[in-house]
Amino acid sequence: MLEVTPALSAQNPNILVFRDKLLLPSEGFIKTHYTAFDAANLVYLASQFGWRAAELDGQTMATASGVLQRFLFKQTGHTPRLADLRQLALKSVHAHFGRGGALVLPVARALGVPLYVTFHGGDATKETHRRRRLIPTIYQRRLSQLQAYASGFLCVSQFVADRLAAQGFPKSKLITHYIGIDLSQMMPPNQRNGRLLFIGRLIDKKGVDVLLAAMRRLQNAQNSKVPDGKVLGLDIAGAGPLEGKLRAQAADLPSVRFLGWQTPQQLASIMRRAQAVVVPSRIAADGDCEGLPTVVLESIRAGLPVVATNHAGIPEIIRDHETGFLVPENDPDLLAAALLAIVQPGDQIQQMVVNAQARLQQDFNATIQSEKLQRRLLGR
């Protein structure tokens, strides 16, 4: 039986959305894929549902009940819900992350429907996904079958598509599909005298340690290049496993504040006061990379200039001195110089934001991207 009772529209075809765990606190971007879906019913299939699952617009179904049945689903692909799924006469299945595609592959094959898989970043880059093991992972065991069966692999940036092509994925099935964000609340550029802002999980690939090193350089070299002689401040909004280590690194940086995890409403308020956003992402020790960080898009929408690294899909929207500042990964000196440049008064910085917002409208409008996805999943 379906876990949520609203009736499916008899006029619209049904599409199955799969994510092993729905909806994780940091994965609101999954909902964004379906913003403009108006010609299809969405049914969400997952092994576990988190507290944000109530935000999903559609019906939900668990792959199985109980630890043993969930284990059997992951290992064999068998789900006692297959009969319920057949009754839905699904048009297609859309899985999130490479492992999600591997997990739901047996279901899609049993139903005989097209399977599309969105790769988000780390799932295309982490070395752990490809490392040889005595007992291969589910993803490794089913990868060749997944590559053969799937109708398409949707990549959140061209960078991700290139990585998958290098791993032997069929190039004819690789589709660059930007997720996009809601642009109805686009804010005009506005020169502010606020603080620098970092938003994100405190993990290796976010490069916060490099940002703190850049802030230390600025603290040790405060001079007339800083407008009004002020000390540049940095707010770090986010939490994660490296928080303790980063707090210790910043102990002698009085201009740095750790704000902890923030709600979307709190982040919106913080962004209204910020002067610029910093995205110092880099390749993590395990090979983990971004796809294209949503925070870059959200910052541009908020009218904020962006300093970012030349990493993963970021250069697909941030072009150095055109739509923001782009610096190499792991270079605190050049990052510090860019941070000084971004807070200088003048029309150049504001023009960068104008240019970035035009780029945002061109390829990162969530409504347009969602409509494209709906047509693809419906085979139109």
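Odds and ends about this structure:
- Single residue of Gly112, Gly121, Gly58, Gly98 found to be out of contact with any Ser or Thr (no Cβ under 7 Å at 6 or more places or on another chain), on the phi > 0 side of the Ramachandran plot and open to solvent by less than 10 Å² (accessible area, probe 1.4 Å): Gly121
- Residues within the stretch 77-89 that are open to solvent by less than 80 Å² (accessible area, probe 1.4 Å) and touching a Pro at 6+ places or on another chain (Cβ under 8 Å), tallied: 2
- Residue within the stretch 157-166 that is touching a residue at least 40 places away in the same chain (Cβ under 8 Å), of a type outside the set (Phe, Trp, Tyr), surrounded by 17 or more Cβ atoms within 10 Å (Cβ to Cβ) and at positive phi present: no
- Test set (1) open to solvent by less than 40 Å² (accessible area, probe 1.4 Å); (2) out of contact with any helix residue (DSSP H, G or I) (no Cβ under 8 Å at 6 or more places or on another chain) - Leu72 fails condition number: (1)
- The set of residues in the stretch 334-358 that are in contact with a strand residue (DSSP E or B) (Cβ under 9 Å, 6 or more places away or on another chain) and in contact (Cβ under 8 Å) with a residue 12 or more places away in the chain comprises Leu335, Ala338, Leu339, Ala341, Ile342, Val343, Ile349, Met352, Val353, Asn355, Ala356.
- Verdict on Ala285 being more than 30 Å from Leu42 (Cα to Cα), in contact with a strand residue (DSSP E or B) (Cβ under 7 Å, 6 or more places away or on another chain), surrounded by fewer than 18 Cβ atoms within 10 Å (Cβ to Cβ) and modelled with pLDDT under 95: no
- Listed by position, the strands (runs of 3 or more DSSP E) contained in the stretch 53-148 that have at least 1 residues being modelled with pLDDT under 95 are 59-62.
- Unmet criterion (only one of (1) without any contact (Cβ under 8 Å) to a residue 40 or more places away in the chain; (2) touching a helix residue (DSSP H, G or I) at 6+ places or on another chain (Cβ under 7 Å); (3) among the small types (Gly, Ala, Ser)) for Ala40: (1)
- The C-beta contact set for the stretch 359-380 (first residue in contact (Cβ under 8 Å) with a residue 24 or more places away in the chain and of a type in the set (A, V, I, L, M, F, W, C), second residue open to solvent by 20 Å² or more (accessible area, probe 1.4 Å) and in a helix (DSSP H, G or I), distance under 6 angstrom, 6+ apart or interchain) comprises Ala366/Thr32.
- Checked against the criterion of being touching a residue at least 40 places away in the same chain (Cβ under 8 Å), open to solvent by less than 30 Å² (accessible area, probe 1.4 Å) and aliphatic (A, V, I, L, M), the stretch 21-34 has at least one qualifying residue.
- Residues located in the stretch 114-148, provided they are without any contact (Cβ under 8 Å) to a residue 40 or more places away in the chain and over 29 Å from Thr294 (Cβ atoms): Arg132, Arg133, Leu134, Ile135, Pro136, Arg141, Ser144, Ala148
- Number of residues in the stretch 181-195 that are of a type outside the set (A, V, I, L, M, F, W, C), modelled with pLDDT of 90 or more and surrounded by fewer than 16 Cβ atoms within 10 Å (Cβ to Cβ) equals 3.
- Checking Ile175 against (1) surrounded by 22 or more Cβ atoms within 10 Å (Cβ to Cβ); (2) more than 28 Å from Val231 (Cβ to Cβ); (3) touching a strand residue (DSSP E or B) at 6+ places or on another chain (Cβ under 6 Å); (4) at pLDDT 95 or above, the condition it does not meet: (1)
The values are calculated or read from the model by the stated rules, or taken from the named source; none is laboratory data. Just so we're clear, the structure is a prediction, and the values are computed from it rather than from any experiment. Please note: Cβ atoms are built from the backbone with ideal geometry, for glycine as well, and neighbour counts cover all protein chains shown. For accessibility, only protein heavy atoms count, side chains too; no ligands or nucleic acids. Shrake-Rupley method; radii C 1.70, N 1.55, O 1.52, S 1.80 Å.
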